[in-house]
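Everything below concerns the one structure shown next.
The values are calculated or read from the model by the stated rules, or taken from the named source; none is laboratory data. These numbers were taken from a predicted model, which means no experiment stands behind them. Don't worry about glycine lacking a Cβ; one is built from the backbone with ideal geometry, like all the others, and counts go over all protein chains shown. Protein only, heavy atoms only, side chains kept; ligands, DNA and RNA dropped before computing areas. Shrake-Rupley method; radii C 1.70, N 1.55, O 1.52, S 1.80 Å.
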Amino acid sequence: MTLMTLILASVVMVAVGLVAWRYTKNFNDYILGGRRLGAVVTALSVGASDMSGWLLMGLPGAVFLSGICESWIAIGLALGTLANWLIVAAPLRVYTETAHNALTLPDYFSHRFEDKSRLLRIISAVVILLFFAIYSASGMVASARLFEIVLDLPYSTALIFGTFATLAYVFLGGFLAVSWTDTIQAAMMCLALIIAPVAVMIDLGGFTATIEQVRSVDPTHLNMLQGQTFIGVISLLAWGLGYFGQPHILVRFMAAKNASVMPRACKLSMIWLIFSLSGAVAAGFFGSAFFSAHPDLGKAVAENHERVFMILSTTLFNPWIGGILLSAILAAVMSTLSCQLLVCSSVLTEDFYRVFIRPHAAQRELVWIGRLTVVAVSVVAILIATDPNNLVLSLVSYAWGGFGASFGPIIILSLLWKGVTRNGALVGIIVGALTVLIWHQGAWWGMYEIIPGFVLSFIAIIVVSLLDPNKPSATMIETFDKVQHKLEDVKKQLA
């Protein structure tokens, strides 16, 4: 029954890809959906593409292991999401269209800073491919863990099986398929994360009884500051900084049909996020109580704490309902992995193939190159994910920090300050990426690498821009002012 439900969920996603195929007429459609996403799809696709298998595996597993002190991550993510919507969403949507209808972040940087050397495009594209190879691997690990449990497959076989389900509909339908399926998947994820903790409380006799059971397992699990230092709390909250630089999230802002949908999309996205994060924390927190009350059921969780939500789903519910809840994990994995594969494909096609190999390639040719590069990136990510000892949270943490530090500062400053220069942008991206790569190896003072990476990148952009003899051109300033006027017009329309 559970297997049939998972297969049905996969078939539905592929069917959506087939429908999206009919609406994919050119390369713009394939990688950005023709910029026609409404508020609901924009809001839920942002959430689903953001919260991967990490939401249903990594976060519940961390809370299960250490207690409520791990929920600082959730608080940081909620604050970061809100800031991203308020600071970045509408300006990026307007600026990317104004800057020669930029379709990717490297494309946006290249036009925003009039980089004739193409070095800015190349460096930013390399950063995207580097960290997305790691990020995509995290999704593949999560899907392999799911099929490993449900189908009792060897890890390597489960890895191929799980990847193929996502690859099929991305290959077929591109951005529209990814966005439409994200909307369905976001609803599944949120519902699953509400149902599972409630079922645990019912099984254990209510909220108070469940809390007491957690206390009996380990009283420190109820302490928000247990085992945390000041740097530790700041590091967990700093996950919120990552939002400003995540290409798979930023591209959703770029694809909205206009900037005026952002306020409504922001509200919907925050409601979804709060319910989902709360449910993920509760699943891990109450899961520790459930498995202490039923120790005979906790062997698989003891082997790998990131399985807590999966085992709760298969234990507490009949196979049909359990299959639906497990489908939410598949949905979470597929939603983010599909976005990552598509962003890598768009970068390889738009920023390398179209720029350096075939500048005058036909639209149909670009679409097929995009599809082929999806397959190529999948193969690389599978190779990274082949180690069965990889943990979803650690892979996500590395890639999240890399993107946040590399692109977050330049995204913010490029939208808010007309004084940023091309050299400032280039140095900022390089400093952010290198800091994360170096800091990750040492993890000095227990500080999450996004903090030094973000701060040093921000400083580098400002200092280099101020000292740069090549100041922004008149057309760069004119475009910046034009964007600000458009944003003012949007505010007046919404007033």
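May I ask which of K257/K491; K267/K482; K116/K257 have a Cα-Cα span longer than 22 Å here?
K267/K482; K116/K257
Between N470 and L416, what is the FRET efficiency for a Förster distance of 22 Å, r being their Cβ-Cβ separation, to the nearest 0.05?
0.60
Sort 79-88, 250-259, 315-324 by the packing proxy (mean of other Cβ within 10 Å over each peptide's residues), most packed first.
Final packing ranking: 250-259, 79-88, 315-324.
Could you rank the peptides 40-46, 289-295, 228-234 by their average count of other C-beta atoms within 10 Å per residue, with the highest value first?
Taking the mean over residues of other Cβ atoms within 10 Å, the ranking is 40-46, 289-295, 228-234.
With no solvent and one point on each alpha carbon, what is the Debye value of log10 I(q)/I(0) for segment 60-136 at q = 0.17, 0.23, 0.24 Å⁻¹?
Debye curve over Cα of segment 60-136, log10 I(q)/I(0) at q = 0.17, 0.23, 0.24 Å⁻¹: -0.85, -1.05, -1.07.
What net charge do the residues around A399 carry, taking every other residue with its C-beta under 14 Å from that of A399, with Lys and Arg at +1 and Asp and Glu at -1?
-2
Quick one: Cα convex hull volume of segment 217-271, Å³ per residue? Show your work: numbers first, answer last.
Values: hull volume 7.3 nm³, N = 55.
In segment 217-271, the Cα hull volume divided by residue count equals 133 Å³.
Based on the mean of other Cβ atoms within 10 Å per residue, sort peptides 425-433, 467-475 so the most packed one is first.
On the way: 425-433: 24.1, 467-475: 11.8.
Packing order, densest peptide first, comes out as 425-433, 467-475.
Determine the dipole magnitude for segment 341-495: charges of +1 sit on the beta-carbon of Lys and Arg, -1 on that of Asp and Glu, nothing else is charged, the reference point is the Cα centre, and the result goes in debye to the nearest 20.
380
With no solvent and one equal point scatterer placed on each C-alpha of segment 203-359, evaluate the Debye formula and give log10 I(q)/I(0) for q = 0.09 Å⁻¹, two decimals.
Those come out to -0.48, one per q.
With no solvent and one point on each alpha carbon, what is the Debye value of log10 I(q)/I(0) for segment 397-440 at q = 0.18 Å⁻¹?
For segment 397-440 at q = 0.18 Å⁻¹, log10 I(q)/I(0) is -0.49.
Based on Cα coordinates alone, diagonalise the gyration tensor for segment 341-431, multiply each eigenvalue by 5, take square roots, and list the semi-axes in whole Å, largest first. List each step's numbers first, then the result.
On the way: eigenvalues 141, 125, 17 Å².
Its equivalent ellipsoid spans semi-axes of 27, 25, 9 Å.
Is segment 186-279 rounded, prolate or oblate when judged by the Cα gyration tensor, a ≥ b ≥ c being the square roots of its eigenvalues, rounded requiring a/c under 1.5 and prolate requiring a/b larger than b/c?
It comes out oblate by the Cα gyration axes.
E212: accessible area at probe 1.4 Å, nearest 10 Å²?
E212 exposes around 90 Å² with every protein chain in place.
With 25 Å as the cut-off, how large is the P(r) tail for segment 361-492, expressed as percent of Cα-Cα pairs? Don't jump to the answer; show the numbers that get you there.
Working: 4343 of 8646 pairs.
Here the long-distance tail beyond 25 Å is 50 percent of all Cα pairs in segment 361-492.
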